[in-house]
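Values in this text are rule-based calculations from the coordinates and carry no lab data. As the structure is a prediction and not an experimental result, all values here were calculated from the model. Cβ placement follows ideal geometry from the backbone for every residue including glycine, while neighbour counts extend to all protein chains displayed.
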């Protein structure tokens with residue numbers, strides 16, 4: 001019986017410690033957001049008009065008979081998945097900052 005009481009007390013202490021960790025984490029996250037909100041107007045005043053980003057219109061020439069299966073973006077890269085006329089896949093990697101084609105991957109059987 002004494003072992004059971006000790007285990008119950010130990011578990012209560014662990015639960016209280018876990019609740020404390022959760023409370024401290026929530027407090028830190030809330031105070032961080034408040035700081036970010038308070039400093040955002042000052043930072044916005046310091047910055048001038050945002051620089052226009054973009055690269056205009058870029059033309060990517062697809063091989064004849066190819067069609068676009070999928071488009072994926074990751075970071076500042078866009079990956080175009082094509083299906084060629086013969087059924088084989090092809091990937092084209094495009095830099096989203098400049099619009100330049102970085103490379104192509106051909107998969108042949």
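Arranged by the count of other C-beta atoms within 10 angstrom, fewest first, what order do 5, 81 take? All intermediate terms of the calculation are to be shown ahead of the outcome.
Values: 5 9, 81 14.
Starting with the residue having the fewest Cβ neighbours, the order is 5, 81.
Each of 77, 29 was scored by other Cβ atoms within 10 Å of its Cβ. Arranged with the fewest first, they read 29, 77. Among 73, 57, a tally of other beta-carbon atoms within 10 Å of each Cβ gives an order, fewest to most, of 57, 73.
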